[in-house]
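S.K.: I have a structure here, written as structure tokens, and I will follow up with some questions on it.
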Amino acid sequence: MDKNEAVKQEKRKEKKQFKSPNTYVILFVVILIVAVLSWFIPGGKYDLNKEGQAISGTYHLVKSNPQGIWEVLMAPIIGMIGNDNISGAIGISLFIMLFGGFLELMDEAGSVKLFLKKVTIQNRNNMHQLIAILVVMMGIFGTTEGADEEGIAYLMMFLPIILGLGLDTMVAVMIVVLGTQGGCLASTINPFSVGIASEIAGISPGEGLLMRSIMFVVIMTIIIIYICRYADKIKADPEKSVQFYRREEDLKEFPVALEDNVEMTKEQKKVLAMFVALFIVLIISLIPWDSLNPNWTFFIDIKNFITSIPYIGTVIGKGLVPFGQWYFNELSMLLLLFTIICGFIMHYDISKTINILMKGAGNLVPTAFIVPFARGIQVVMNDGLITPTILHLGESTLSSLPPIAFVIVSLLFYIAIAAFIPSSTGLAAATMSIMASLARFANIPEHLMITVFLIALGLVKMIMPTSIVVMTCTQATHISYAAWVKFMWKFIIFLFMVCCIFLIIGTMFI
């Protein structure tokens, strides 16, 4: 075969590869569709309670308000800054960009990557322990920050050690894909999914945290057992590896390199401690303590004590917000503060720290812009007066189902939609306003609907071709997508069943 023919075949292969739909295009098309529907769907309204939520059974028709081209073009802009009918997404977008700045500084410092590599090398002689530690670490990245695209970087870090243990590339890919997406499935404080979905649903991101935390432990345990069983099988008989046919090629492509320096400096150790401390503070600040127990007012009491101290209270600030009542404004402040402190620890001058912050924020601008774009859907629906009508349709169909049936049907719905909108921010912003309201009508807590959304997205991103982490990791290790699906589909169904059990239990303790 000549060189030109080889190039042509490679181009044909690239054309056949599945490309994830552009989220912006999807969202704008949805805005257009909603605008067109506003010309045909009757306008409606619900009576609202004091929290501004629709009251079930109070729907009534009103004069329609069809949306035109101007309203369509203005929808993302209103979605960002807000209007009288909807709050703007600028607070969420700012938080996302500042989060990107913090992660960029972590990457610049190298603390997290060095720590991961050190742990991998230190546990290379204990296969089960290494798999468990790496899966949990990947899960933590998934549950706290929605790790996805960066999975390929972790994979390249782990591959040589995993292969050196006599295992195969499938084990390494499972650790990264199942670990990160298992964490996303049971997201605790992930701002890109839990944060945005909770804001749209009008609840604290801390609501439902206990159930999701239990799910995280259970899901991680199941994933660890599954990977270890496969590892034991191919350790005993290498020919049972699905990638045995290219074992020699993999060893040459990903050679073991244990001589790399993995010692962290004092500064890197301190930054790693700050990284851990940030997520501890995030969790504590988001849990609605006094809502869980009216007597748990310790953070409110501490705040009142501090602000009541003469002079000191004024210096610290009378507007101090106690843990348990934090939201995106406070979280953005925390990220900015920790980024600057970590830059100081690494002895960066303030200009370098700001440049790193701006670079990281710039990397997440596309994600941050998804939020107002998706919020534009709500703008057109609300201004077109069709949101109540759609809710009424759901109220008379889905919400009339028994609670258990309702959450299972909602999960299937979300799985279907997530396959085409694999973005956590885009999916939450495009659907949660309707689904959270339907949950209220069905007497299901909003946080359980958010859990449904998280489960669907996590399962989809473990196996569907729209998942960036699946496609990049399988391609890098020469695992065909068909082989990945064949290997994983039964396990995904098992996880689906486990998640359904959690949802059923959740509906029984409303």
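S.K.: Charges on Cβ only, +1 for Lys and Arg, -1 for Asp and Glu, centred on the Cα centroid of the chain; of Thr477, Ser433, Gly88, which one is farthest towards the dipole's positive end?
M.R.: Thr477
S.K.: Compute the FRET efficiency between Arg246 and Trp489 as 1/(1 + (r/R0)^6), taking r as their Cβ-Cβ distance and R0 = 30 Å, and round to the nearest 0.05. Provide the component values of the computation, followed by the final result.
M.R.: Working: r = 22 Å, r/R0 = 0.74.
About 0.85, to the nearest 0.05.
S.K.: For the chain, which whole-number percentage of the solvent-accessible area (1.4 Å probe, protein heavy atoms only) is attributable to carbon and sulfur atoms?
M.R.: Numbers: 15550 of 23510 Å².
Of all accessible area on the chain, carbon and sulfur atoms account for 66 percent.
S.K.: Taking 0.36 nm per intervening residue step and subtracting the Cα-Cα distance, what contour gain separates His478 from Asp301 on full extension? Provide the component values of the computation, followed by the final result.
M.R.: Working: separation 177, 0.36 × 177 = 63.72 nm, distance 5.75 nm.
Full extension of this stretch gives 58.0 nm more.
S.K.: Could you give me D for region 144-278, from Stokes-Einstein at 25 °C and 0.890 mPa s, where the hydrodynamic radius is the Kirkwood radius over C-alpha pairs? Units µm² s⁻¹, please. If you can, show how the numbers build up before the last one.
M.R.: On the way: Rh = 17.4 Å.
Result for D is 141 µm²/s.
S.K.: Another question, if that's okay. Within region 407-447, find all residues whose amide N lies under 18 Å from a label point positioned 7 Å from the Cα of Leu32 along Cα-to-beta-carbon.
M.R.: 421, by backbone N distance to the label point.
S.K.: Between helix 151-164 and the chain, what is the angle of the helix's C-alpha long axis to the longest principal axis, kept within 0 to 90° and rounded to the nearest 10?
M.R.: That helix lies at roughly 30 degrees to the long axis.
S.K.: How far is it, in nm, from the label point at Asn65 to the one at Val281 when both lie 7 Å from their Cα along the line to the Cβ?
M.R.: Placing both labels 7 Å along Cα→Cβ, they lie 4.2 nm apart.
S.K.: Then there's this: Can you give the relative contact order of the chain as a percent, counting alpha carbon pairs under 8 Å and 6+ residues apart? Walk me through the numbers before you get to the answer.
M.R.: On the way: 735 pairs, mean separation 133.6, N = 510.
This gives 26 percent for the chain.
S.K.: Something else about it: Using only the alpha-carbon atoms, how far is helix 23-37 inclined from the longest principal axis of the chain? Give it as 0 to 90 degrees, nearest 10.
M.R.: It is inclined by approximately 30 degrees.
S.K.: Just the Cα atoms of region 179-243, one point each, no solvent: what log10 I(q)/I(0) does Debye give at q = 0.19, 0.23, 0.29 Å⁻¹?
M.R.: Rounded to two decimals, the profile gives -0.73, -0.90, -1.14.
S.K.: Which value in nm describes the separation of the simple spin-label points at Ser351 and His128, placed 7 Å from the Cα toward the beta carbon?
M.R.: So the two model labels end up 5.6 nm from each other.
S.K.: Kindly state, as a whole number, the per residue volume in cubic angstrom of the convex hull around the alpha carbon atoms of the chain.
M.R.: Numbers: hull volume 96.5 nm³, N = 510.
Normalising the Cα hull of the chain by residue number yields 189 Å³.
S.K.: Could you go through region 266-276 in sequence order and give the Karplus-derived ³J(HN,Hα) for each residue, using 6.51 cos²θ - 1.76 cosθ + 1.60 with θ = phi - 60°, rounded to whole Hz, and x for Gly and Pro?
M.R.: Per residue, the Karplus-derived 3J(HN,Hα) values read 4, 5, 5, 5, 5, 5, 4, 5, 5, 4, 5 Hz.
S.K.: Could you please state, rounded to a whole Å, how far the C-alpha centre of region 232-249 is from the C-alpha centre of region 370-413?
M.R.: Cα centres, region 232-249 to region 370-413: 48 Å.
S.K.: Taking Cα pairs under 8 Å and at least six residues apart, what relative contact order does region 124-201 come out at, in percent? If you can, show how the numbers build up before the last one.
M.R.: On the way: 98 pairs, mean separation 34.0, N = 78.
The normalised contact order for region 124-201 reaches 44 percent.
S.K.: If one takes the longest principal axis of the Cα atoms in the chain, at what angle in degrees, from 0 to 90 and to the nearest 10, does the Cα axis of helix 365-383 lie?
M.R.: Around 30 degrees separate the two axes.
S.K.: Ok, one more. Name the residues whose placed amide hydrogens come within less than 5 Å of the amide hydrogen of Trp39, ignoring near sequence neighbours (fewer than 5 apart) on the same chain.
M.R.: Under 5 Å from the amide H of Trp39: Gln67.
S.K.: Same structure, new question: Compute from the Cα atoms of region 274-330 the Rg and the Dmax, the latter being the longest Cα-Cα distance, and quote both in angstrom.
M.R.: Computed over the Cα atoms of region 274-330, radius of gyration and Dmax are 12.4, 34 Å.
S.K.: Non-local amide H neighbours of Ile287 (under 5 Å, H modeled in plane, Pro and chain starts lacking H): which ones?
M.R.: Placed amide hydrogens put Gly324 under 5 Å from Ile287.
S.K.: Would you check the accessible area of Ile408, probe 1.4 Å, heavy atoms only, in square angstrom rounded to 10?
M.R.: Ile408 has an accessible surface of roughly 40 Å² with all protein chains in place.
S.K.: Still on this structure: Give me a comma-separated list of calculated 3J(HN,Hα) values for region 234-241, in order, Karplus coefficients 6.51, -1.76, 1.60 applied at θ = phi - 60°, integers in Hz, x for any Gly or Pro.
M.R.: For region 234-241, the Karplus-derived couplings read 7, 5, 6, 9, x, 5, 7, 5 Hz, x marking Gly and Pro.
S.K.: Hey, with R₀ at 45 Å, roughly what FRET efficiency would Asn83 and Tyr311 work out to, going by the Cβ-Cβ distance, to 0.05? Intermediate results must be reported in sequence, preceding the final value.
M.R.: Working: r = 42 Å, r/R0 = 0.93.
Once the sixth-power term is evaluated, E becomes 0.60.
S.K.: Right, next: Find the all-direction average of the projected area of the Cα convex hull for region 133-197, expressing the result in square nanometres with one decimal place.
M.R.: Values: hull surface 15.9 nm².
That works out to 4.0 nm².
S.K.: Using a 1.4 angstrom probe, figure out how much accessible area the chain has per residue, in square angstrom, rounded to the nearest whole.
M.R.: Details: 23510 Å² over 510 residues.
Computed with neighbouring chains in place, this is 46 Å² per residue.
S.K.: Can you give the FRET efficiency for Ser396 and Ala236, using 1/(1 + (r/R0)^6), R0 = 56 Å, r = Cβ-Cβ distance, to the nearest 0.05? If you can, show how the numbers build up before the last one.
M.R.: Values: r = 57 Å, r/R0 = 1.03.
It comes to 0.45.
The values are calculated or read from the model by the stated rules, or taken from the named source; none is laboratory data. On a predicted model such as this, the values are computed, not experimentally measured, just so you know. All Cβ positions, even for glycine, are placed from backbone atoms using ideal geometry, and neighbour counts span all protein chains on display. These area figures cover heavy atoms from the full protein model, side chains too; ligands, DNA and RNA do not enter into them. Shrake-Rupley method; radii C 1.70, N 1.55, O 1.52, S 1.80 Å.
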